[in-house]
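Just so it is clear, none of the values below were taken in a lab; they were calculated from the coordinates. Please read all numbers here as calculations on a predicted model, not as lab measurements. Cβ sites come from the backbone with ideal geometry, for glycine too, and all protein chains shown count toward neighbours.
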Amino acid sequence: MASFTLHGISVSRGIAIGRAHLLTPATLDVKHYLIEQDQMEAEVARLKDAIRTVHGELQSIWRDLPKDAPAELAAFIDVHVLILSDPMLSEVPLNIIRKRYYNAEWALVTQIDELSAQFDEVEDPYLRERKADIQQVGERILKVLTGTATTIPTPSGSEEKISHMIVVAHDISPADMMQFRDRSFAGFVTDVGGQNSHTAIVARSLDIPAAVGMFNASALIDQDDWVIIDGDAGVVIVDPSPQVLEQYRERQARLIRERKKLSKLKKTPAITIDGTEIHLMANIELPDDCAAALDAGANGVGLFRSEFLFMGRTGYNNKLPTEDEQFESYRKAVVAMKGRPVTIRTLDIGADKPLDTAEQTALNPALGLRAIRFCLAEPQMFLIQLRAILRASAFGKVRLLVPMLSHAFEIDQTLVMIEQAKAQLRTANKRFDEAIEVGAMIEIPAAALTLPLFVKRLDFLSIGTNDLIQYTLAIDRVDHEVAHLYNPLHPAILYLLSNTIAIGAKHGVPVAVCGEMAGDTHLTRLLLGMGLREFSMHPSQLLPVKQEVLNSDLRLLVPQTKKILRAIEPRAITEGVERLAAL
Ligand code: PEP
Ligand code: MG
């Protein structure tokens, strides 16, 4: 067969080369027939049984999740449990059997198609992508109904052979992804999905090359075809010529060599050529992520996104985590980091990270009652979290970070609440660090433009570039239709960043960057040139950033960065950044 190339969305980096292992969706094999009146209750019972079985399957996958499973996974499986329990899926198909005499599979597929069509109409791109979750749950029920039992047919052959297999499917559910991961497949290709699909998020955190949104890849690729995934470019090459295969094998080997080389830098202090020490910290979502942070040689945790402890709990426990539960998680992270600082961010819920128990009714959730606004509106819940964080500070160095502040009164109210939480702990005779440092995320332009309010009241600042870019450029960070406008090098962003770093330095208040920009090696020199001394990022980016730091000389970077900051034309800025790379 002739070689061909498919273009989709790159969701995780690296190169995978292997033979295709196709997963056929159960929907393809569905039989459609009408049942007799006297078979009706038996047919209804068959569907009910299948739904119950899937419930059990999801629960056991959830229970057996390995300790090092990506943090999001449990939440995603919870979403599937929720969908399964929703009457739209658990009851409507039963009524279709009763009213239209359809067989169980047909009734289920009819309802899934109906729900999918409704989702296609939804404007919000994040919600639109949840259509895939419904289809994945439906697929599971169908597989039980049709007796095509395991979703992961075991490929014949040795583990060695399996590890070179590339899973090609219309879609893969996060739960199935977990089973694949145990078998160490080399990569994933799916027809559907986008940057925000759950499959994409899990692939990224598993660090497995993947390409999604490939339209009809699963129809075009045959079982055992040779496949190359170029995860950096979002390209899949099917049946490559021997020359192309060779080129990619070389690239893959080079990437592996570079990774090995980087791993040697783990213990090397991050010091620039001119002798300036830089702090490289890790962003984590759950305490177990500390292992990856330490493994990458992080100087501490620069951002613990505590909201992940609160998300996806609806399936099994409709309540928010208690003070003790939270305390245990924070303490676990603090102890794991062995004396290194752990920056715990208070609940940053809302917009793209909804809390399942709080209904989102805001027309524009990114501008609504999210993060600190939500916490100040729910003082009892906030006090519980503050006490839990404070108690963890008795076990190591903890810093408290507050998201989305923009008004002086919000800072003041937050500080009052921290004092209140401290007083409660003193009364209860519970230990905590009296001198705990409190910092603010700078992620709203208004905050970056009124820094004197912040440096006067707080001990440190951390710039959340993900939201700062979203709010400054007025682009929804999860809307792919405006993704091309998401530009960290927009002069407005560079101004806000350099201004924040400079004002922090002037007042002796440490400033970090903890948004995605901190982990982008193309921007490391620019941030160093602006005077940034603390970077916090996904652990996988830490060593590549460290290598940039080790090769940087601030004496050369600072004057060149000043020139970039004076520029306004995009071309002048990108050329300036390219010149930094050559220094
Ligand atoms: C940010 O906004 O840059 C940030 C680090 O926080 P989050 O991505 O969790 O909003
Ligand atoms: Mg943010």
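See the values below:
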item: Fewest-first sequence of 23, 449, 461 by Cβ atoms within 10 Å of each Cβ; result: 449, 23, 461
item: Mean separation of Cα contacts under 8 Å (6+ apart) over length of region 509-565, as relative contact order %; result: 41 percent
item: Amide proton proximity set for residue 301, modelled H, under 5 Å, gap of 5+; result: 282, 342, 343
item: ³J(HN,Hα) computed for each position of region 284-295 - Karplus, 6.51 cos²θ - 1.76 cosθ + 1.60, integer Hz, glycine/proline x; result: 10, 10, 9, x, 5, 5, 4, 4, 5, 5, 5, 4
item: Sequence of 345, 331, 566 once ranked by neighbouring C-beta atoms within 10 Å, starting from the fewest; result: 566, 331, 345
item: Whether region 488-550 is rounded, prolate or oblate, judged on the alpha carbon gyration tensor where a/c under 1.5 counts as rounded; result: prolate
item: Charge sum, other residues only, whose C-beta stays under 11 Å from residue 220's C-beta, Lys/Arg counted +1 and Asp/Glu -1; result: -4
item: CD proxy at 222 nm, helix term only [per DSSP H run n ≥ 4: -39500 (n - 2.57); per residue of the chain; nearest 500]; result: -14500 deg cm²/dmol
item: Rounded tilt (10° steps) of 408-427 against the dominant C-alpha axis of the chain; result: 80 degrees
item: Sequence-distant residues sharing a close amide H with residue 347 (under 5 Å, placed H); result: none
item: Around residue 509: net Lys/Arg minus Asp/Glu count, Cβ-Cβ under 13 Å; result: +2
item: HN-Hα J in Hz across region 269-280 - Karplus 6.51, -1.76, 1.60, θ = phi - 60°, x for Gly and Pro; result: x, 7, 10, 6, 4, 7, x, 8, 7, 10, 9, 10
item: Dimensionless Rg ratio for region 411-558, taking C-alpha atoms and the 2.2 N^0.38 Å reference; result: 1.19
item: Long pairs among 332/422; 338/506; 67/266, criterion Cα-Cα beyond 28 Å; result: 338/506
item: With Cα atoms, 0 to 90° folded angle of helix 131-146 axis to the chain main axis; result: 40 degrees
item: Estimated FRET transfer efficiency (residue 420, residue 319; beta-carbon r; R0 25 Å; 0.05); result: 0.65
item: Mean shadow area of region 269-582 over all directions, Cα convex hull, nm²; result: 15.9 nm²
item: On Cα atoms only, tilt of 323-336 relative to the major axis of the chain in degrees; result: 70 degrees
item: Cα-centre dipole for the chain with unit charges at Cβ (Lys and Arg positive, Asp and Glu negative), debye to 20; result: 2540 debye
item: Within region 469-547: Cβ-based charge dipole about Cα centre, in debye rounded to nearest 20 (Lys, Arg +1; Asp, Glu -1); result: 440 debye
item: Highest-first arrangement of 467-477, 422-432, 393-403, where packing means the average Cβ count within 10 Å; result: 393-403, 467-477, 422-432
item: Spatial extent of the chain: Rg and Dmax, with the Cα atoms as the point set, Å; result: 25.5, 86
item: Phi to ³J(HN,Hα) by Karplus 6.51 cos²θ - 1.76 cosθ + 1.60 over region 548-553, Hz, x for Gly, Pro; result: 4, 4, 4, 9, 9, 10
item: Residue order, fewest to most beta carbons within 10 Å, for 484, 164; result: 484, 164
item: Normalised contact order of the chain, rounded percent, pairs of Cα under 8 Å and 6 or more residues apart; result: 14 percent
